[in-house]
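All remarks here apply to the structure that follows.
The values are calculated or read from the model by the stated rules, or taken from the named source; none is laboratory data. None of the values given here were measured: they were computed from a predicted structure. Reconstructed Cβ throughout: ideal geometry from the backbone, glycine too, with neighbour counts over all protein chains shown. Surface accessibility is based on the protein's heavy atoms, side chains included, excluding ligands, DNA and RNA. Shrake-Rupley method; radii C 1.70, N 1.55, O 1.52, S 1.80 Å.
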Amino acid sequence: MAYYFNEPSRTFNEYLLVPGYSSADCVPDNISLRTPLVKHKKGEEPQFSINIPLTSAIMQAVSDDYMAVALAKEGGLSFIYCSQPIDSQAAMVAKAKSYKAGFVTSESNISPEAQLFDILALKEKTGHSTVAVTSDGTANGSLVGLVTSRDYRVSRMDGTELVRDFMTPIERLVTAPPATSLKEANDIIWEHKLNCLPVIDERGRLMHMVFRKDYDSHKANPLELLDSHKKYIVGAGINSHDYTERIPALIEAGADVLCIDSSEGYTAWQQNTLSWVREKYGDSVKIGAGNVVDGEGFRFLAESGADFVKVGIGGGSICITREQKGIGRGQATAVIDVSKARNEYYEKTGIYIPICSDGGIVHDYHFTLALAMGADFLMLGRYFARFDESPTSRVSIGGSCMKEYWGEGSARARNWQRYDIGGGSKLKFEEGVDSYVPYAGSLKENVNLTLGKMRSTMSNCGARTISEFQEKAKLTLVSSTSIIEGGAHDVLLKESVTPKGYSQA
């Protein structure tokens, strides 16, 4: 006879938070959303934390290098999708890692014997307006000058002029030695009103460039997620089939954290993948696993070596696993159950393994409910797919602006590695749909609005950190009638009334 759970499988919609005492200093501006990303021992800091508890899903329609940069600017993390060739995924990781750093290796370089035509072609290729002129045209040659848009006028030149004749020579440049700190470099930039500062060694070779715009970007994004080299932290998805080739390529490209992308994580395939990583890399490579929906699945992945565990099966807006196979669990119930197992494991071993709630998020208040129930961070697909920064196209559907959004289990994605644990070469049936989501604009604007709601809710509950929130949160089940009571009801909304003399838009 099958095992029966005593409680029904519940969703976030079935819960509300009950407010707690808020002290005078428990205001939204004082709320920290920083949270651990990978496992750590009691009393120790994790190697990686994220500044906001949001990660973007391992999906073709969501997470590429552009999304990775945009989300890292806000303090979150993207896992670049793995349902693509290894070299193209590694290239996306490398591109995101090289996008931002305090000290950057010059990517636009030219020799003094080149022509203006070459400068213009280089600018069109890279988009950079500042070009380093080095003796051999490489990023680490001897610096002889710089070319910026102020050094030439296309309308007054024929394009054959030599770079050495119109560049700003090194004698007129302000440079810095190798030992210069980032703070010192920025002070020099501001003191001399520079747009960039070349860092050169004692032999005059170009080592790095420091740009004013990077300083401005940091000030505009105080929570941006950076590594020790001031580069954005980037995640990458892997599968349990070609991991022996994919993981080394992603690590070489600079990926900071990996995550196994699978519809179901309680398998020998994930155990084999985790074992291989630990044998080859020890604890130096951080890798999450999943997905699971109960404590038994959590303990299996924890003991197999996972650095974090993803929770959720069938709860995504484009996922049809439950109706296709009858497998899954309400996301709220799954998070509560796995959180309990995580806490028990922590008490027993002294090792804290963060959990990620993946799926089931519909409204902004669901974010905070998931955290209250024990999730350390969330993974979101539909939410991020709506923004400018997602890799999909904008289309007009019925007069409304939409963005394309499809599941990894759809025929369009052809991501058989995620679903066919038997190693087949094609999807036997679909577990995801091809769809559209309403276009919502920029990531920054929408994420800041969502975070504002989360901070306000935590303030109402008297908590200034996520861990404190999980200790103090009080949850109540709601009835179907109380859900109706919670929205606008028994009134005629103004926007539903068309004034006389006006046509409906």
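Scanning region 408-444 for residues that are open to solvent by less than 30 Å² (accessible area, probe 1.4 Å), in a loop (DSSP other than H, G, I, E, B) and at pLDDT 65 or above yields 408, 409, 410, 431. Residues that are in a loop (DSSP other than H, G, I, E, B), of a type outside the set (A, V, I, L, M, F, W, C) and modelled with pLDDT of 95 or more were ranked within region 46-62; the one that is surrounded by the most Cβ atoms within 10 Å (Cβ to Cβ) is 53. If you go through region 388-407 and keep only what is at pLDDT 90 or above, open to solvent by less than 80 Å² (accessible area, probe 1.4 Å) and either aliphatic (A, V, I, L, M) or touching a Lys or Arg at 6+ places or on another chain (Cβ under 8 Å) (or both), you end up with 390, 392, 395, 397, 401, 402, 403. Count of region 156-190 residues, restricted to those that are surrounded by 12 or more Cβ atoms within 10 Å (Cβ to Cβ), within 36 Å of the chain's Cα centre (by Cα) and assigned to a loop (DSSP other than H, G, I, E, B), is 3. If the Cβ limit is 7 Å and pairs must be 6+ apart or interchain, which residue in region 292-314 that is under 20 Å from residue 328 (Cα atoms) and of a type in the set (Gly, Ala, Ser) pairs with which residue that is in a strand (DSSP E or B) and open to solvent by 10 Å² or more (accessible area, probe 1.4 Å)? Once the first residue is under 20 Å from residue 328 (Cα atoms) and of a type in the set (Gly, Ala, Ser) and sits in region 292-314, its partners that are in a strand (DSSP E or B) and open to solvent by 10 Å² or more (accessible area, probe 1.4 Å) give 312/358.
Residues that are open to solvent by less than 40 Å² (accessible area, probe 1.4 Å) and closer than 25 Å to residue 291 by Cβ occur in region 210-232; there is at least one. Contact annotation: residue pairs with Cβ atoms under 7 Å, 6 or more positions apart or on different chains, pairing a residue in region 460-489 that is farther than 14 Å from residue 19 by Cα with a partner that is open to solvent by 70 Å² or more (accessible area, probe 1.4 Å) and modelled with pLDDT of 85 or more, are 478/16. Screening residue 345 against (1) at negative phi; (2) under 21 Å from the mean Cα position of the chain (by Cα) leaves a single unmet condition, (2).
Could you pull out the residue among 27, 18 that is β-branched (Val, Ile, Thr), surrounded by fewer than 21 Cβ atoms within 10 Å (Cβ to Cβ) and in contact with a Lys or Arg (Cβ under 7 Å, 6 or more places away or on another chain)? Give the derivation first.
Details: 27 fails: in contact with a Lys or Arg (Cβ under 7 Å, 6 or more places away or on another chain).
Unique residue meeting the criteria: 18.
Cβ-Cβ distances below 8 Å connect the following pairs, each with a first residue in region 109-125 that is more than 11 Å from residue 163 (Cβ to Cβ), a second residue that is open to solvent by 30 Å² or more (accessible area, probe 1.4 Å) and of a type in the set (A, V, I, L, M, F, W, C), and a separation of six or more residues or different chains: 120/154. Filtering region 388-407 to residues that are part of a loop (DSSP other than H, G, I, E, B) and more than 17 Å from the chain's Cα centre (by Cα) leaves 393, 398, 399, 407.
Annotation note: Cβ proximity below 9 Å between a residue of region 433-449 that is at positive phi and of a type in the set (Gly, Ala, Ser) and a residue that is open to solvent by less than 30 Å² (accessible area, probe 1.4 Å) and part of a helix (DSSP H, G or I) (sequence gap 6+ or interchain) occurs for no pair. Among the residues of region 1-45, those identified as assigned to a loop (DSSP other than H, G, I, E, B) and of a type in the set (S, T, N, Q) are 6, 9, 11, 22, 23, 32. Within region 360-387, if we keep just the residues that are farther than 23 Å from residue 462 by Cα, part of a loop (DSSP other than H, G, I, E, B) and in contact with a strand residue (DSSP E or B) (Cβ under 7 Å, 6 or more places away or on another chain), the residue that is least open to solvent (accessible area, probe 1.4 Å) turns out to be 361. Looking at (1) buried (at least 20 other Cβ atoms within 10 Å of the Cβ); (2) farther than 24 Å from residue 430 by Cβ, which is the one condition that is false for residue 343? Single failed check for residue 343: (1).
Just the residues that are open to solvent by 70 Å² or more (accessible area, probe 1.4 Å) and assigned to a helix (DSSP H, G or I), please, taken from region 468-485. If the condition is that a residue be open to solvent by 70 Å² or more (accessible area, probe 1.4 Å) and assigned to a helix (DSSP H, G or I), then 471, 472, 480, 481, 483, 484, 485 are the ones that fit. Go through the residues of region 191-206 one by one and say whether even a single one is closer than 25 Å to residue 57 by Cα, in contact (Cβ under 8 Å) with a residue 60 or more places away in the chain and buried (at least 17 other Cβ atoms within 10 Å of the Cβ). Checking region 191-206: not a single residue is closer than 25 Å to residue 57 by Cα, in contact (Cβ under 8 Å) with a residue 60 or more places away in the chain and buried (at least 17 other Cβ atoms within 10 Å of the Cβ). What residue, among those in region 79-108 that are among the polar types (S, T, N, Q) and surrounded by 20 or more Cβ atoms within 10 Å (Cβ to Cβ), is nearest to the chain's Cα centre (by Cα)? Looking at residues that are among the polar types (S, T, N, Q) and surrounded by 20 or more Cβ atoms within 10 Å (Cβ to Cβ), I get 89.
Condition check ((1) touching an Asp or Glu at 6+ places or on another chain (Cβ under 9 Å); (2) hydroxyl-bearing (Ser, Thr, Tyr)) across all residues:
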{"residue": "58", "(1), (2)": "yes, no"}
{"residue": "65", "(1), (2)": "no, no"}
{"residue": "73", "(1), (2)": "yes, no"}
{"residue": "90", "(1), (2)": "yes, no"}
{"residue": "96", "(1), (2)": "yes, no"}
{"residue": "108", "(1), (2)": "no, yes"}
{"residue": "125", "(1), (2)": "no, no"}
{"residue": "153", "(1), (2)": "no, no"}
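Quick check on residue 32: is it surrounded by fewer than 18 Cβ atoms within 10 Å (Cβ to Cβ), closer than 17 Å to residue 376 by Cα and not β-branched (Val, Ile, Thr)? So residue 32 passes the test.
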